[in-house]
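> Please find one structure pasted underneath; my questions will follow.
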Amino acid sequence: MSFVGCTRRVSAWADRHGGRGNAYQAALWAGVILALLFMYVLIGGWYAFLLTATLLFVSVPLLWPFVPAMFSFFGFRSHRRSQRKAEYLSEQQLAVMKQITRDRPTPPDGGRM
C-alpha cells in the first residue's frame, strides 16, 4: 500500500469510466477525491501503526539494558531531593523549637519537677 499506487489505481479507474456527460464526470471526480481522501487516511493510519510497532518491538528491546540505569539515576535524584527537603524542614522545626523554649519564662521551681 502506498499513496502513489492508490492514486494511480483510482485515477485509472476514473479515466476508464468517465466517458459520459459533464455532470457524470463532475460527480465521478468528486467521488474520486473522496475515495482518495479516505484511502490516504487509511494508508496514513497504517504507516503510523507500522512505525509505532517498529519503535515498540525493535527500539525498546535494544534500549532495554539501559532502562534500569536511567530509572535508578532519576530515582536517586528524587530521593536525594526529598532527603535535602526533609533535612531543611527538620532544621526549621528545630530553630522554631529553640525560639519557643528560649522565650518561655522559667518556672518558679527552676525547671525541676
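The values are calculated or read from the model by the stated rules, or taken from the named source; none is laboratory data. All of these numbers come straight from a predicted model, not from anything done at the bench. Using ideal geometry, Cβ is built from the backbone for each residue, glycine included, and neighbour counts are taken over all protein chains shown. Surface areas here come from the heavy atoms of the whole protein model, side chains and all, with no ligands, DNA or RNA. Shrake-Rupley method; radii C 1.70, N 1.55, O 1.52, S 1.80 Å.
> Look at segment 1-25 and say how many of its residues are in contact (Cβ under 8 Å) with a residue 24 or more places away in the chain and surrounded by 11 or more Cβ atoms within 10 Å (Cβ to Cβ). Show your work before the answer.
As a first pass, look at segment 1-25 and keep what is in contact (Cβ under 8 Å) with a residue 24 or more places away in the chain: 1-3, 6-7, 10.
Subset that is surrounded by 11 or more Cβ atoms within 10 Å (Cβ to Cβ): 3, 6-7, 10.
The qualifying residues number 4.
> If only one of 28, 62 is aliphatic (A, V, I, L, M) and open to solvent by 100 Å² or more (accessible area, probe 1.4 Å), which one is it?
On the way: 28 fails: open to solvent by 100 Å² or more (accessible area, probe 1.4 Å).
None of the others qualify; the one that does is 62.
> Looking at segment 38-53, which of the residues that are over 17 Å from the mean Cα position of the chain (by Cα) and open to solvent by less than 100 Å² (accessible area, probe 1.4 Å) is farthest from residue 8 (Cα to Cα)? Explain how you work it out, then say what you get.
Filtering segment 38-53 down to residues over 17 Å from the mean Cα position of the chain (by Cα) leaves 38-47, 50.
Among the residues that remain, those that are also open to solvent by less than 100 Å² (accessible area, probe 1.4 Å) are: 39-40, 42-45, 47, 50.
Numbers: 39: 12, 40: 13, 42: 16, 43: 14, 44: 17, 45: 20, 47: 19, 50: 23 Å.
Restricting to residues being over 17 Å from the mean Cα position of the chain (by Cα) and open to solvent by less than 100 Å² (accessible area, probe 1.4 Å), the top hit is 50.
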